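K.L.:
Just dropping this structure here.
The values are calculated or read from the model by the stated rules, or taken from the named source; none is laboratory data. In this text the structure is predicted, and so the values were computed from the model without any measurement. Heads up, the Cβs are rebuilt from the backbone with ideal geometry, glycines too, and the neighbour counts pull from every protein chain shown. Protein only, heavy atoms only, side chains kept; ligands, DNA and RNA dropped before computing areas. Shrake-Rupley method; radii C 1.70, N 1.55, O 1.52, S 1.80 Å.
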Amino acid sequence: MRAREGGEAGRYTLADGRLLRVEASVEGGRVRLRGAGPLAHLPFVKSALGIADGQIPVAAADQLILSTWSPPIPSRAFDRLVRSYVKASFGVRTPDQVTISITEECPNRCLHCALPDTGRHHRLEPEEVEEVIGQILDLGTTLVIFDGGEPTTYRELPDLVRAVDDRAISTVFTSGAGFTPKLARSLKDAGLYAVNVSLDSAAEAEHDRMRGRAGAFRDAVRAVENAIAADLFVDLYAVLRRENVSEIRSFHQLAAELNASELTFFEVVPTGRWAEEVGSVLSEEEHAALDEFVSAAPPPRTFSVPAAFREVGCFAGRNWMHITPEGDVYPCACLPRVVGNVRRDPVKKIWQTMAKLPFQGKKICPARSFRPKDQHVFIADNRESQPDQNGTDTDTAGDTDRPHQLTTPGGKGR
């Protein structure tokens, strides 16, 4: 099943097989999807199509860009993603999206940081990250996200981006600090697909307060401008909480003014420094207001992670995986449950272990009932334990597994 551009302008083929055929067209500025074949009726495939249908695309020319979160159509990476969705309907898990926190160095002190700086200057060495990238690509990953800390402080970042081949796209999550025009051009030349710029408020003073640093808002705006100048897609990533949910329209207006490719809304999770702020999550009424706005929002494309979560269930350990600067592997950045460590275990083994987690696919975020007192217990218990393996799958379309090389805490390969 391969994606290809159709012969008619504005029409694209997302999947072209006997069992699944998906056609896309752009009508009135929105994507319309039409699926056919027995596999089109599988639950996960139907959910995935439902999320994209009727949405504003990021771009539609030689390639169709549904979102900054998904590979272009046609592309090898998108073909792999389609195969992953089909397999998911049969219960076969693929780590479609892997976030690698390459360093904990950061000039900010965000009040809601899920992975606060320990002060120990933890980081993954370039050779460690490149080895992990090879392993996750062999497992079927189609989106590699470089995160921190602040990843712009990592001198070898362009080299890491270059290590992601055409089996996946890569993005960088940044507060904007250090995202200079020179770095933007270097990352674009290395093959970076998009930049996610985090925002806590459309008001400068409030954003700076949440980020714990004066000038953070101006850095974020400059990062958007520098990324666009380098011809990178830009996602403005707004973290919603009860205190700023009234700014939904202001976030969208700012994204439009800055010419961002996409605006993503994410709901804050009570974890890390924000672990005690359980009252900041959105109410049902606020979720409904968010859904109503997103459904009718004009360009740029507006994506609601909470809505996608309700449609397909929890992604943690099922489609997502997070790697910390210490090499620990979590099901999700917001769920600090250590399942393994890339300096000790092959990523494939860690991914197999995650199959045993009980919350996969549930439509209640497990991190929202994961209290601060539990976090340290889970981390300690899981670092010492060696759970049994469980079934998983690797990409089988001509991609081969790599031998595991990260065997020592120092991060050096043999």
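K.L.:
Could you tell me whether Ala216 is open to solvent by 10 Å² or more (accessible area, probe 1.4 Å), at negative phi and hydrophobic (A, V, I, L, M, F, W, C)? Step through it out loud before you land on a result.
P.N.:
On the way: open to solvent by 10 Å² or more (accessible area, probe 1.4 Å): no; at negative phi: yes; hydrophobic (A, V, I, L, M, F, W, C): yes.
Taking the combined requirement at face value, the residue does not satisfy it.
K.L.:
Of all residues in segment 164-195, which are within 14 Å of the chain's Cα centre (by Cα) and among the small types (Gly, Ala, Ser)?
P.N.:
Within segment 164-195, Ala168, Ser170, Ala194 qualify.
K.L.:
Could you list, in sequence order, the residues of segment 100-122 that are over 20 Å from Lys348 (Cα atoms), touching a Phe, Trp or Tyr at 6+ places or on another chain (Cβ under 7 Å) and at pLDDT 85 or above?
P.N.:
So the first thing to find is which residues in segment 100-122 are over 20 Å from Lys348 (Cα atoms), and the list is 103-122.
Now drop any that are not touching a Phe, Trp or Tyr at 6+ places or on another chain (Cβ under 7 Å), which leaves 103, 111-112.
Within segment 100-122, just Thr103 meets the criteria.
K.L.:
The conditions are (1) within 17 Å of Ser295 (Cβ to Cβ); (2) in contact (Cβ under 8 Å) with a residue 24 or more places away in the chain, and Arg76 fails exactly one of them. Which is it?
P.N.:
(1)
K.L.:
Follow-up question, since we're still on this one. When only residues in segment 296-306 that are part of a helix (DSSP H, G or I) and at pLDDT 90 or above count, which is most open to solvent (accessible area, probe 1.4 Å)? Walk me through how you get there before you give the answer.
P.N.:
First, pick out the residues of segment 296-306 that are part of a helix (DSSP H, G or I): 296, 305-306.
Subset that is at pLDDT 90 or above: 296, 305.
Details: Ala296: 73, Val305: 19 Å².
Only one residue fits best here, namely Ala296.
K.L.:
If you scan segment 240-249, which residues turn out to be open to solvent by 20 Å² or more (accessible area, probe 1.4 Å) and either under 16 Å from Ser198 (Cβ atoms) or in a loop (DSSP other than H, G, I, E, B) (or both)?
P.N.:
Those that are open to solvent by 20 Å² or more (accessible area, probe 1.4 Å) and either under 16 Å from Ser198 (Cβ atoms) or in a loop (DSSP other than H, G, I, E, B) (or both): Arg242, Glu243, Glu247.
K.L.:
Given the conditions (1) open to solvent by 50 Å² or more (accessible area, probe 1.4 Å); (2) in contact with a strand residue (DSSP E or B) (Cβ under 7 Å, 6 or more places away or on another chain), which single one is not true for Arg30?
P.N.:
The one condition Arg30 does not meet is (2).
K.L.:
Could you tell me whether segment 220-239 includes any residue that is modelled with pLDDT under 95 and not in a helix (DSSP H, G or I)?
P.N.:
Looking only at segment 220-239, we keep the residues that are modelled with pLDDT under 95, and these are 239.
Checking which are not in a helix (DSSP H, G or I) leaves us with 239.
Checking segment 220-239: at least one residue is modelled with pLDDT under 95 and not in a helix (DSSP H, G or I).
K.L.:
For residues that are under 20 Å from Pro107 (Cα atoms), part of a helix (DSSP H, G or I) and in contact with a Leu (Cβ under 9 Å, 6 or more places away or on another chain), scanning just segment 159-205, find the one that is most open to solvent (accessible area, probe 1.4 Å).
P.N.:
Restricting to residues being under 20 Å from Pro107 (Cα atoms), part of a helix (DSSP H, G or I) and in contact with a Leu (Cβ under 9 Å, 6 or more places away or on another chain), the top hit is Leu183.
K.L.:
Let me ask something else. Exactly one of these conditions fails for Glu127: (1) at pLDDT 95 or above; (2) within 20 Å of the chain's Cα centre (by Cα). Give me its number.
P.N.:
(2)
K.L.:
Looking only at residues in segment 37-68 that are polar (S, T, N, Q) and open to solvent by less than 50 Å² (accessible area, probe 1.4 Å), which one is nearest to Ala15 (Cα to Cα)?
P.N.:
Restricting attention to segment 37-68, the residues satisfying the condition of being polar (S, T, N, Q) are 47, 55, 63, 67-68.
Still in the running and open to solvent by less than 50 Å² (accessible area, probe 1.4 Å): 47, 55, 67-68.
Values: Ser47: 16, Gln55: 18, Ser67: 17, Thr68: 19 Å.
Step by step, filter segment 37-68, then rank; the result is Ser47.
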